[in-house]
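The values are calculated or read from the model by the stated rules, or taken from the named source; none is laboratory data. The structure presented is a predicted model; accordingly, all values stated were derived computationally and were not measured. Please note: Cβ atoms are built from the backbone with ideal geometry, for glycine as well, and neighbour counts cover all protein chains shown. Heavy atoms of the whole protein, side chains included, go into the accessibility calculation; ligands, DNA and RNA do not. Shrake-Rupley method; radii C 1.70, N 1.55, O 1.52, S 1.80 Å.
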Amino acid sequence: MASLMENLLTILEEENSEYERLVELSAQKRQVIIDGNVPGLEEVTGREQDVASRIINLENKREEVINDMAIVLSKDAKDLTLTNMIAFLNKQPKEQEKLRGIQTRLKNTIKQMEEINRQNEELLRQALEMIEFDLNLFKSLRQAPTTANYDKNAYNTGDILSSGAFDAHQ
């Protein structure tokens with residue numbers, strides 16, 4: 001059981017490190033979004049996907065260790081949450097404290113990541129609104145206004161002014 005606990009603690013530490021990398025990348029992404037740097041955004045997103053892949057692998061390893069611990073403890077793996085495991089370790093204060101510490105660090109890291117991602121989401125929403133505004137502006141500029149053009153007999157010809165030129169011969 002002790003080696004399983006050590007494996008779990010190691011995996012959780014590695015997971016926290018990967019989540020911290022995601023926090024750093026999310027902060028870089030925020031600046032890239034502010035700068036409007038699309039190639040930079042693609043590059044940061046690719047690096048985020050690499051980190052996410054490593055996190056998924058660590059999650060799978062963590063689940064394997066939890067399943068092994070459940071077998072040793074004759075418990076259901078679904079009941080072996082970090083909070084429950086901390087309670088189970090009341091006779092092993094050293095391991096209990098390590099597990100409590102990593103749980104706190106993971107919570108803080110994930111909370112930090114959620115906040116940065118929320119900010120990035122808002123920045124992207126604003127960037128999309130600006131793009132939509134610019135597109136609408138360009139569309140409206142391409143449409144020439146219909147003006148009241150009159151011929152010699154005071155009839156509206158309905159022509160569209162092309163260059164804003166004034167016919168001085170009338």
Q.
Looking only at segment 51-62, how many residues end up being open to solvent by 90 Å² or more (accessible area, probe 1.4 Å) and out of contact with any helix residue (DSSP H, G or I) (no Cβ under 8 Å at 6 or more places or on another chain)?
A. 1
Q: Report the residue count in segment 95-147 for those that are in contact with a strand residue (DSSP E or B) (Cβ under 8 Å, 6 or more places away or on another chain) and assigned to a loop (DSSP other than H, G, I, E, B).
A: 3
**Q.** Filtered residues of segment 22-39 (kept if more than 13 Å from the chain's Cα centre (by Cα) and in contact (Cβ under 8 Å) with a residue 12 or more places away in the chain)
**A.** ILE34, GLY36
Q | Matching residues in segment 5-21 - criterion: being of a type outside the set (Val, Ile, Thr) and more than 16 Å from the chain's Cα centre (by Cα) | A | MET5, GLU6, ASN7, LEU8, LEU9, LEU12, GLU13, GLU14, GLU15, ASN16, SER17
(Q) Can you say whether GLU48 is buried (at least 18 other Cβ atoms within 10 Å of the Cβ), among the acidic types (Asp, Glu) and over 30 Å from LYS91 (Cα atoms), as far as the supplied structure shows? (A) no
Q: List the number of the failed condition for LEU80; all other conditions in (1) modelled with pLDDT under 90; (2) under 18 Å from MET113 (Cα atoms) hold.
A: (2)
Q. Taking into account only those residues within segment 72-91 that are part of a loop (DSSP other than H, G, I, E, B) and not hydrophobic (A, V, I, L, M, F, W, C), which is surrounded by the most Cβ atoms within 10 Å (Cβ to Cβ)?
A. LYS75
Q | Check on GLY36, surrounded by 14 or more Cβ atoms within 10 Å (Cβ to Cβ) and small (Gly, Ala, Ser) | A | no
Q: Report, by residue number, each residue of segment 2-22 that is of a type outside the set (D, E, K, R) and closer than 17 Å to GLU63 by Cα.
A: ALA2, SER3, LEU4, MET5, ASN7, LEU8, LEU9, THR10, ILE11, LEU12, ASN16
Q: Name every residue in segment 92-130 that is more than 20 Å from the chain's Cα centre (by Cα) and either of a type in the set (Gly, Ala, Ser) or loosely packed, with under 14 Cβ neighbours inside 10 Å (or both), in order of residue number.
A: PRO93, LYS94, GLU97, GLY101, THR104
